[in-house]
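Peer 1: Take a look at this one; I'll ask things after.
The values are calculated or read from the model by the stated rules, or taken from the named source; none is laboratory data. Computed from a predicted structure; not experimentally measured. Cβ sites come from the backbone with ideal geometry, for glycine too, and all protein chains shown count toward neighbours. We work out accessible area using only protein heavy atoms, side chains counted, and drop any ligands, DNA or RNA first. Shrake-Rupley method; radii C 1.70, N 1.55, O 1.52, S 1.80 Å.
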Amino acid sequence: MERDLTAARDQAAETLGEEAADILTVQLLLAGDDALLGAALDRVATGVPAGRAWRDAVADVVASYQQVDDAYQRARAEDVADVGRRVVAALTGVSPRRSVAGPGIVVADALGPADAAALDRELVRGVLTATGAPTGHAAILARTLGIPAVVGAGESVLRLDEEQPVLLDGDTGAVYVQPPRALREEYDRRHAAAQQRRSAALRVAGEPAVTTDGVHVAVAANVGSVADAAAAAGQGADGVGLLRTEFLFLDRDEPPTEDEQAETYAAIAAEFAGAPVTVRTLDVGADKPAPYLAQPREENPFLGVRGLRLGLRHADVLGTQLRAVVRAAAAHRMQVMFPMVTTLDELQRAVDLLDRARADVGVDVQLPVGVMVEVPAVALLADAFAARVDFLSVGTNDLTQYVLAADRGNADLAELADACQPAVLRLVRQAAQAAAGHGRQLAVCGELAADPAVAGLLLGLGVTELSVTPVAVPEVKQAVRATSYAEAQQLAERALAATSAADVRALLA
Ligand code: PEP
Ligand code: MG
């Protein structure tokens, strides 16, 4: 037994890191005997996945502690439950959940994507983190839920008193502790004005977004669940430009089955009357790990085996996903999009898997195929990619981090990692020209697209679709309606000639 445990600890250290291994060590001490680990291993031996076996064993031990008379022993129930959660967290790469007791602002060192996805939008009025950056996945998810978030505010926020009033400005990133009354009133007024603008935009959100000179622009939504899709449909989204399917795969100990995925994709598509749903295949790795797609620890995970690179190494998991999409496409308008593509060879291997999935399912469906433009190599070779796919979609979050060599989650680099850097815009333009040359659509689904102030610039660069967080759909549509395509093209020329992000931002203002 002890040898097993030591081996498990060593394996955890190798694949999950020392921190996770240390948690296991603590757990081993706490468990003391077979009641916990032995029970979990027995379940594993009967074929129960490790995570579920562990959770069930923890639940049994917690229940037995809760039943004893001795108060000290009863208190150990919470210890066991807590360490149990920490082990699951270490195994799944997702930080442990704490529930929120009442309305307020969640203050944390960092928030993992799965934590952010689980925020209770009724109670959580804002999110304030010490680390992280605006295009990190946690911030993106908080925005998807319509929760104001200020990330990367520095360690001092962790010293805030629980009862201290805090005012957050999710637009500017400003944080005010003990805000004076005048400031609170000022923010109340701004909030009311923003609400009014939003309501006006929402009233016409179901209408198409057409520029003043008659160019129609699809404004689709980025979603990660059926609930997001329902919200997006309510905000007038023209379909889904980015379904982040990885959120169906994270925070669990086995991948969703083909049936489960096919049902989910169909349920998402059912929210939209005939507008396409773009299913991005599994984009795990880096800050979105999935425990059952375990991989060796990497020095540079963002430059490592993530996105399609990981998918191709787990062709069974990707194949299952593609069959599910093909099945959903039998009844709905779907598209497939591959993430983190770098080479034409990778694309070809992914397309081969898709062809096999089509053959396995045995239905002949319309299923346009696209690639994300988020590795600079794809933007530079956009011409060759455009010749082989039906559409391209620029992921400005990753494209920016790779063009500028600036980690998208690093608060210290948030200013540098601005998608309005002319170097990024030139690649967007290059991709747009390549797409147009082959008669393909070019979308932008990175966070940049959700800023109404940038809509004109993107259209001017040749972008034909914007895909944005659901709450942003109505106002981005309004921004398109206020834009003249001819003027947008002139604006784009000026932005391409600029030499700094600040100069581009000045043009937008
Ligand atoms: C992007 O990189 O811009 C993108 C849309 O993908 P994600 O944010 O999920 O990495
Ligand atoms: Mg990306």
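Peer 1: Put one equal scatterer on each alpha carbon of region 389-509, apply the Debye formula with no solvent term, and list log10 I(q)/I(0) at q = 0.10, 0.14, 0.20, 0.22 1/Å to two decimals.
Peer 2: -0.27, -0.55, -1.15, -1.37
Peer 1: Below 8 Å, C-alpha to C-alpha, sequence gap of six or more: please give me the relative contact order for the chain in percent.
Peer 2: On the way: 952 pairs, mean separation 66.2, N = 509.
In percent, rounded to a whole number, it is 13.
Peer 1: Related question: Share of antiparallel DSSP beta bridges in region 153-256, in percent to the nearest 5?
Peer 2: 65
Peer 1: At a probe radius of 1.4 Å, what is the per-residue accessible area of ARG388, in Å² to the nearest 10?
Peer 2: 140
Peer 1: How large is the convex hull of the C-alpha atoms of the chain per residue, in Å³?
Peer 2: On the way: hull volume 81.5 nm³, N = 509.
Looking at the chain, the number lands at 160 Å³ per residue.
Peer 1: Would you tally the net charge around THR396, using a Cβ to Cβ cut-off of less than 14 Å, leaving THR396 out, and scoring K and R as +1, D and E as -1? Display every interim value, and only then the final one.
Peer 2: Values: positive: ARG408, ARG426, ARG429; negative: GLU374, ASP398, ASP418, GLU447, ASP451, GLU465.
Taking every other residue near THR396 into account, the sum is -3.
Peer 1: Additional query: How much of the DSSP bridge set in region 102-226 is antiparallel, in percent, rounded to the nearest 5? Don't skip to the answer; put the middle values down first.
Peer 2: Values: 6 of 13 bridges.
Looking only at bridges with both residues in region 102-226, the antiparallel portion is about 45 percent.
Peer 1: Which value, in debye to the nearest 20, describes the size of the charge dipole of the chain about its Cα centre when Lys and Arg Cβ atoms bear +1, Asp and Glu Cβ atoms bear -1, and nothing else is charged? The partial results should precede the final answer.
Peer 2: Details: 45 positive and 69 negative charges, 310 e Å.
Charge dipole of the chain: 1480 debye, to the nearest 20.
Peer 1: Considering the Cα trace of region 205-288, what is its radius of gyration and what is Dmax, both in angstroms?
Peer 2: 14.5, 52
Peer 1: Continuing with the same structure: If you wrap a convex hull around the alpha carbons of region 214-369, what volume per residue comes out, as a whole number of Å³? It would help to have the intermediate numbers written out before the result.
Peer 2: Details: hull volume 19.8 nm³, N = 156.
Roughly 127 Å³ of hull volume per residue.
Peer 1: Looking at region 337-391 from every direction and averaging, what is the projected area of its Cα convex hull in nm²?
Peer 2: Values: hull surface 14.3 nm².
Computed as one quarter of the Cα hull surface, the answer is 3.6 nm².
Peer 1: With no solvent and one equal point scatterer per Cα, compute the Debye intensity ratio I(q)/I(0) for region 335-435 at 0.18 Å⁻¹ and report its log10, rounded to two decimals.
Peer 2: Summing over Cα pairs of region 335-435 leads to -0.81.
Peer 1: Also: Scan around VAL284 for amide H atoms under 5 Å from its own, H built in the peptide plane at 1.01 Å from N, and keep only partners 5 or more places away or cross-chain.
Peer 2: For VAL284, the qualifying residues are GLY307.
Peer 1: Would you mind pulling out the separation of the Cα centroids of region 321-372 and region 141-211, in Å?
Peer 2: A separation of 39 Å, based on Cα centres.
Peer 1: What is the antiparallel percent of DSSP beta bridges lying wholly in the chain, to the nearest 5?
Peer 2: Details: 7 of 41 bridges.
Taking every DSSP beta bridge with both residues in the chain, the antiparallel ones total about 15 percent.
Peer 1: Leaving out ligands, DNA and RNA, what percent of the accessible area of the chain is carbon and sulfur, probe 1.4 Å?
Peer 2: Values: 11610 of 23130 Å².
C and S atoms contribute 50 percent here.
Peer 1: Return one whole number: the accessible area per residue of region 305-439 in Å², for a 1.4 Å probe.
Peer 2: 38
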